[in-house]
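The values are calculated or read from the model by the stated rules, or taken from the named source; none is laboratory data. Computed from a prediction, not measured in an experiment: that's the story for all the values here. Cβ: placed from backbone, ideal geometry, glycine included. Neighbour counts: every protein chain shown. Ligands, DNA and RNA are excluded from the accessible area calculation, which covers all protein heavy atoms including side chains. Shrake-Rupley method; radii C 1.70, N 1.55, O 1.52, S 1.80 Å.
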Amino acid sequence: MSTGRGSATVVLGGQWGDEGKGKVVDFLAAEHDIVVRFQGGANAGHTIRADGQEYIFHLIPSGILLGGKTCVLGNGLVVDPLTLADEIEALKKRGVSIEGRLYLSDAAHLLLPYHKLIDRLQEEAKKGKSIGTTGRGIGPAYADKVSRTGLRAGVFRLEDERFKRLVIEKVIEHNRFVDALYGGEPVSPNDTAEKLLAVKPLMASLLRDTQCYLYEALSQGRRVLLEGAQGLLLDLDHGTYPFVTSSSASVGGALTGSGVGPQWLGEVVGVYKAYCTRVGNGPFPTELPDPSGEALRQKGAEFGATTGRPRRCGWLDLVAARYSAHLNGVTKLAITKFDVLSGMETVKVCTGYRVGDQVLDRFPRGLSVLDSVEPVLEELEGWSESLTEARAWDDLPDAARRYLEFVAERMELPIAWLSVGADRKQTLRVGAVA
Ligand code: GDP
Ligand code: IMO
Ligand code: MG
């Protein structure tokens with residue numbers, strides 16, 4: 001048990017997801033007691049590499065590998081119970097026990113097989129204008145939540161017969177919708193109910209009033225880490241709508257999706273890759289649809305952790321990064337995948353958007369503007385040395401330090417952590433460069 005005043009640290013993606021949040025949460029978790037996922041669902045893929053092993057988490061918080069930490073699936077999530085059960089089983093097989101240290105909010109919404117079906121059918125119907133979702137049913141599950149017709153995890157407390165009837169009713173309701181709109185193959189009501197009944201005891205054992213639990217834990221001085229999924233540019237309100245996800249991947253979502261009040265907020269850590277990637281469709285001003293983008297993809301192994309899709313790659317976009325840091329109230333930066341930039345003669349960074357004869361330094365939200373901007377790129381000196389063994393600021397070549405100083409200065413924020421490889425050990429705690 002901790003002493004002193006409790007506080008909540010928030011870790012948020014500042015770009016289009018896959019910034020390395022899983023790795024950052026894993027190393028920050030050591031200084032916290034509880035790790036909470038607060039939005040999204042199994043569209044997330046958070047990777048941790050430690051002790052020669054790689055783990056990819058879709059629903060379970062990235063703090064689970066550290067013994068003694070409690071992990072919470074917050075009320076803001078859409079949880080696929082079948083995926084969650086599989087994830088728990090896979091972890092057990094690898095010797096990681098969740099026994100007594102994984103809680104599921106009874107207010108989290110359930111994501112069921114018909115949501116995935118509708119996700120697929122909606123994407124197909126959009127033809128060339130699809131979002132390029134992960135196909136995990138996220139949009140349809142949040143649509144049910146907002147329509148006030150969703151099922152929440154608390155239903156796992158019902159006795160079996162009532163539970164079964166409820167599930168069957170919901171499947172039939174969604175089949176009618178699918179049939180009317182898309183003429184798609186229906187989901188089997190009985191099969192769905194049976195599959196859910198099989199995981200019901202496990203799910204019921206995880207249930208908790210997590211909002212209350214977190215309030216009490218914070219009141220007793222415990223330290224909470226709120227783990228964001230996706231990134232601000234995929235946020236439903238602040239991202240590049242409609243090419244976004246269906247949840248609040250911003251600091252507001254961290255509070256709403258966990259029930260943690262603003263009085264507990266401590267640091268807001270913005271996680272940024274040293275370049276940019278995006279999976280799926282939508283604007284990406286600094287994208288490199290050429291061999292240099294392909295080189296970044298190969299060197300950074302930029303393939304989706306959830307779907308395996310190749311990620312689109314481009315230069316670091318400071319216009320977008322400043323926008324996301326401002327909206328999230330970021331207090332510290334964690335820069336990841338810095339090692340990937342080694343070996344380039346020059347490294348480019350976008351500092352403005354050119355539209356006609358104007359240069360914008362503010363991120364324009366409208367798609368028509370975003371689609372037409374040309375990035376203004378500053379060219380910084382590169383470095384040939386590998387950074388993967390660097391463990392301190394002094395281990396970095398001068399040009400690499402200058403690059404980081406440039407980023408910190410333009411962001412007007414301190415860089416507190418630097419990642420130079422996928423492994424937990426390949427992390428530098430930086431004495432706040434700004
Ligand atoms: P998240 O969704 O934000 O947690 O990020 P992902 O796990 O989807 O993608 C980040 C990928 O980069 C994963 O494969 C990580 O193992 C890897 N990674 C994280 N940090 C670094 C780093 O500093 N250098 C390199 N080369 N890989 C990293
Ligand atoms: P993590 O947490 C990167 C993208 C999808 C698509 C859009 C909508 O690993 O950073 P959705 O399935 O959410 O309806 O898809 O959002 N997307 C992500 N891209 N990382 C993620 O999560 C993502 N989760 C969703 O590719 O463009
Ligand atoms: Mg990811």
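Here are some notes:
- Verdict on P242 being more than 15 Å from ligand 1 (Cβ to nearest atom), free of Cβ contacts under 8 Å to residues at least 60 places away in the same chain and either out of contact with any Ser or Thr (no Cβ under 9 Å at 6 or more places or on another chain) or over 30 Å from F163 (Cβ atoms) (or both): no
- The set of residues in region 1-54 that are of a type in the set (D, E, K, R) and surrounded by fewer than 19 Cβ atoms within 10 Å (Cβ to Cβ) comprises R5, E31, R49, D51, E54.
- Failed criterion for W315 (all others in (1) over 26 Å from F57 (Cβ atoms); (2) in contact with a His (Cβ under 6 Å, 6 or more places away or on another chain) hold): (2)
- Taking each residue of region 331-354 that is assigned by TED's automatic domain parsing to the domain that holds P397 and free of Cβ contacts under 8 Å to residues at least 40 places away in the same chain and looking for partners that are open to solvent by 50 Å² or more (accessible area, probe 1.4 Å) and not in a strand (DSSP E or B) with beta-carbon atoms closer than 8 Å, six or more apart or interchain, yields G352/D361.
- Filter pass, A325 being within 16 Å of ligand 2 (Cβ to nearest atom) and in contact (Cβ under 8 Å) with a residue 60 or more places away in the chain: no
- Selection from region 260-286 of residues that are polar (S, T, N, Q) and within 14 Å of ligand 3 (Cβ to nearest atom): T277
- Total residues in region 60-84, condition small (G, A, S), open to solvent by 30 Å² or more (accessible area, probe 1.4 Å) and at negative phi: 1
- Restricting region 16-40 to residues that are assigned to a loop (DSSP other than H, G, I, E, B) and closer than 18 Å to G252 by Cβ leaves a set whose member that is farthest from ligand 3 (Cβ to nearest atom) is F38.
- In the set (1) of a type outside the set (S, T, N, Q); (2) modelled with pLDDT of 95 or more; (3) farther than 30 Å from P242 by Cβ, the condition left unmet by V373 is number (3).
Condition check ((1) of a type outside the set (A, V, I, L, M); (2) modelled with pLDDT of 95 or more) across all residues:
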{"residue": "L318", "(1), (2)": "no, yes"}
{"residue": "T331", "(1), (2)": "yes, yes"}
{"residue": "D361", "(1), (2)": "yes, no"}
{"residue": "L380", "(1), (2)": "no, yes"}
{"residue": "S384", "(1), (2)": "yes, yes"}
{"residue": "L396", "(1), (2)": "no, yes"}
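- Unmet requirement for T306, which otherwise passes all of (1) within 16 Å of ligand 2 (Cβ to nearest atom); (2) free of Cβ contacts under 8 Å to residues at least 60 places away in the same chain; (3) surrounded by 15 or more Cβ atoms within 10 Å (Cβ to Cβ): (2)
- Subset of region 334-350 [under 15 Å from Q426 (Cα atoms) and either open to solvent by 50 Å² or more (accessible area, probe 1.4 Å) or within 16 Å of ligand 3 (Cβ to nearest atom) (or both)]: A334, T336, K337, V340
- Unmet criterion (only one of (1) surrounded by fewer than 20 Cβ atoms within 10 Å (Cβ to Cβ); (2) within 10 Å of ligand 3 (Cβ to nearest atom); (3) free of Cβ contacts under 8 Å to residues at least 60 places away in the same chain; (4) not small (G, A, S)) for F57: (1)
- Only a single item in (1) open to solvent by less than 40 Å² (accessible area, probe 1.4 Å); (2) in contact with a helix residue (DSSP H, G or I) (Cβ under 9 Å, 6 or more places away or on another chain) is not met by E87, and it is number (2).
- Selection of region 309-320 for residues being within 15 Å of ligand 1 (Cβ to nearest atom) and buried (at least 18 other Cβ atoms within 10 Å of the Cβ) yields R311, R312, C313, L316.
- Residue-level check: of (1) open to solvent by 30 Å² or more (accessible area, probe 1.4 Å); (2) under 18 Å from F363 (Cβ atoms); (3) part of a strand (DSSP E or B), Y272 misses just (1).
- Yes/no for E267 being part of a strand (DSSP E or B) and open to solvent by 40 Å² or more (accessible area, probe 1.4 Å): yes
- Selection within region 371-387 - of a type in the set (D, E, K, R) and either touching a helix residue (DSSP H, G or I) at 6+ places or on another chain (Cβ under 7 Å) or assigned to a loop (DSSP other than H, G, I, E, B) (or both): E381, E385
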